[in-house]
Amino acid sequence: MRFEQTFMNFILQHQEKHNRTYHFLILMDALISAAKHIQHYYLTGMLRGNLGLTGTVNVQGEHAMGIDHIAEEISLHYLRSSGRVIHAVSEESEEMILMDAEGGRYFVYFDPLDGSSNVSHGLPVGFLFGVAKRNLDGPEDGHLRPGKDYIAAGMFVIPTGTFTLALKESGTWRFHIDDTMNFVKPIGVILPEDSKTWEFSFNEANRCSFDQRVQTWIAEEERKYAFRYLGSLAGDFHRILSNGGIFMYPAIVSHPNPEKNRPHGKLRLMYEAAVVAFMCHEAGGDAVDEAGIPILEIQPKEHHQRTALYVGSKPLVDEIAQILRG
Ligand code: AHM
Ligand code: MG
């Protein structure tokens with residue numbers, strides 16, 4: 001029989017090698033338990049046809065919870081019971097969620113179910129998270145951390161059962177779920193340098209509303225690469241990490257209906273853009289916003305702040321960043 005290294009064994013060895021505490025293991029165990037629980041709910045809900053839509057009312061007249069809210073409830077349960085989280089920011093909660101100021105050590109920024117338009121099709125969604133650590137040497141004011149201060153960031157692609165985790169200055173790793181629901185077989189992820197597999201990924205329907213410089217750059221570059229777009233950041237970014245290229249969600253600046261403009265982009269900085277930027281950086285890539293500023297450098301002013309995002313292979317991100325800065 002062939003047995004693969006489990007995630008827990010991998011992370012334990014990593015912590016020991018770097019002389020770290022066991023607290024991060026407890027946090028990771030909580031995140032993995034949440035992801036498995038959400039995955040199970042997604043798969044069984046798919047079969048029972050009760051994934052639910054936010055705002056709908058079931059036959060008993062009760063409000064059915066959408067799977068995004070269920071995913072949040074599951075995540076909050078495990079994060080809270082880990083006893084290691086000071087506060088969390090979730091896409092699904094308007095307010096920041098205070099957990100355990102006393103025993104807490106980490107700040108967790110997460111989106112428990114990103115890309116929910118894929119749910120009714122049974123297609124991939126993502127559970128994205130970034131982790132920062134409290135100041136252990138002195139007082140802690142709990143300020144929102146920029147991506148460069150994350151110690152880890154990861155994403156579970158649900159229901160395909162892949163888990164990608166980046167650890168600060170230690171690389172990006174991918175795991176697959178096995179028959180026993182363990183994540184196993186760590187594989188180091190490095191963006192391929194050879195451009196023959198590179199892909200472009202963005203919502204083509206928005207193209208004519210991008211900044212003119214972005215439109216021109218896309219028109220010059222796109223024929224060199226394959227084009228893929230699923231509409232779920234976790235799924236689209238998963239491909240970019242494997243194949244290289246660029247995922248973009250540029251600012252929308254000239255929509256025919258001005259109400260549909262998104263001058264600050266669509267994606268959320270803390271639990272979407274900075275999470276994939278961190279993973280990409282550890283895999284040898286980069287990420288910038290609409291001003292060409294590295295995503296990891298942006299100090300969040302507000303926990304649900306939005307940003308435009310260009311993330312992927314360094315040569316492509318460098319090119320568009322130069323144009324955006326110019
Ligand atoms: P959500 O947080 O409301 O699910 O939106 C985020 C999703 C991302 O997963 C995806 O990259 C993007 O929105 C797709 O947006 P669009 O449908 O505009 O292309
Ligand atoms: Mg989201």
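Once the principal axes of the Cα atoms of region 195-325 are found, what is the range along each, listed largest first in whole angstroms?
Sorted from largest, the Cα extents of region 195-325 read 38, 30, 28 Å.
So between residue 299 and residue 123, what do we pick up on full extension, going 0.36 nm a residue minus the alpha carbon distance?
60.1 nm
With θ set to phi - 60°, apply the Karplus curve 6.51 cos²θ - 1.76 cosθ + 1.60 along region 296-307 and write out the HN-Hα couplings as whole Hz, x wherever there is a Gly or Pro.
Going residue by residue, I get 5, 8, 6, 7, x, 9, 8, 6, 9, 3, 9, 8 Hz, with x marking Gly and Pro.
For residue 262, enumerate residues with amide H under 5 Å from its amide H, sequence gap 5+ or separate chain, H modeled in the peptide plane.
Amide H to amide H, under 5 Å and 5 or more residues apart or across chains, residue 262 pairs with 252, 253.
From the phi of every residue in region 317-326, what ³J(HN,Hα) in whole Hz does the Karplus formula 6.51 cos²θ - 1.76 cosθ + 1.60 yield, where θ is phi - 60° and glycine or proline is x?
Whole-Hz 3J(HN,Hα) from phi for region 317-326: 5, 4, 4, 5, 5, 4, 5, 5, 6, x.
What does the charge dipole of the chain about its Cα centre add up to, to the nearest 20 debye, if the Cβ of each Lys and Arg holds +1 and the Cβ of each Asp and Glu holds -1?
500 debye
Could you calculate the FRET efficiency of residue 223 with residue 259 from 1/(1 + (r/R0)^6), where r is the beta carbon distance between them and R0 is 51 Å, rounded to 0.05?
0.95
At 20 °C and 1.002 mPa s, what whole-number value in µm²/s does Stokes-Einstein give for the translational diffusion of the chain, with Rh from the Kirkwood sum over Cα pairs?
Calculated translational D: 106 µm²/s.
Going by how many other Cβ atoms sit within 10 Å of their own, how do 190, 158, 67 line up, fewest first?
190, 67, 158
Which whole-number percent is the relative contact order of the chain (Cα, under 8 Å, 6+ apart)?
15 percent
List the trypsin sites (Lys or Arg not before Pro) within region 238-317 that fall in a DSSP loop (any state other than H, G, I, E or B) and whose Cβ has at most 14 other Cβ atoms within 10 Å.
Passing both the DSSP loop test and the Cβ count: 301.
Take 311, 275 and order them by how many other Cβ atoms sit within 10 Å, fewest up front. It would help to have the intermediate numbers written out before the result.
Values: 311 28, 275 33.
Going from least to most buried by this count: 311, 275.
Select from 157, 226, 214 the residue farthest towards the positive end of the dipole of region 137-242; place +1 on Cβ of Lys and Arg, -1 on Cβ of Asp and Glu, and compute about the Cα centre.
My answer, from the dipole projection, is 226.
Amide H of residue 90: which non-local residues (sequence gap of 5 or more, or other chain) have their own amide H closer than 5 Å, using H built in the peptide plane?
Residues meeting the criterion, in which the H sits 1.01 Å from N, are 97, 110.
Among DSSP beta bridges whose residues both lie in region 174-303, state the antiparallel percentage, nearest 5.
50 percent
With N set to the number of residues, divide the alpha-carbon radius of gyration of region 7-189 by 2.2 N^0.38 Å and report two decimals.
That ratio works out to 1.06.
Once label points are set 7 Å from the Cα along Cα→Cβ at both residue 81 and residue 43, what is their separation, rounded to one decimal in nm?
So the two model labels end up 2.0 nm from each other.
Would you calculate the separation in nanometres between label points at residue 322 and residue 96, each defined as 7 Å from the Cα along the Cα-to-beta-carbon direction?
Placing both labels 7 Å beyond Cα along the Cβ direction yields 3.9 nm.
What is the gain in length, in nm to one decimal, between residue 17 and residue 208 on full extension, counting 0.36 nm per residue of separation less the C-alpha to C-alpha distance?
Numbers: separation 191, 0.36 × 191 = 68.76 nm, distance 5.04 nm.
Full extension of this stretch gives 63.7 nm more.
Taking amide H positions as placed 1.01 Å from N in the peptide plane, with prolines and chain starts having none, which residues 5 or more places from residue 199, or on another chain, fall under 5 Å of its amide H?
For residue 199, whose amide H was placed from the backbone, the distant partners under 5 Å are 245, 246.
Within 10 Å of each residue's Cβ, count the other Cβ atoms and sort 296, 123 from fewest upward.
With the sparsest Cβ surroundings first, the list reads 123, 296.
Taking θ as phi - 60°, what are the ³J(HN,Hα) couplings along region 12-18 by the Karplus curve (6.51, -1.76, 1.60), each to the nearest whole Hz, with x for Gly and Pro?
Values, residue by residue: 4, 4, 4, 5, 5, 4, 9 Hz.
Among 241, 41, 294, whose Cα sits farthest toward the positive end of the charge dipole of the chain (+1 at Cβ of Lys/Arg, -1 at Cβ of Asp/Glu, about the Cα centre)?
241
All of the numbers you see were taken from the coordinates with simple rules; none came from a lab. None of these values were measured; they are calculated from a predicted model. Backbone-built Cβ (ideal geometry, glycine too); neighbour counts: all protein chains shown.
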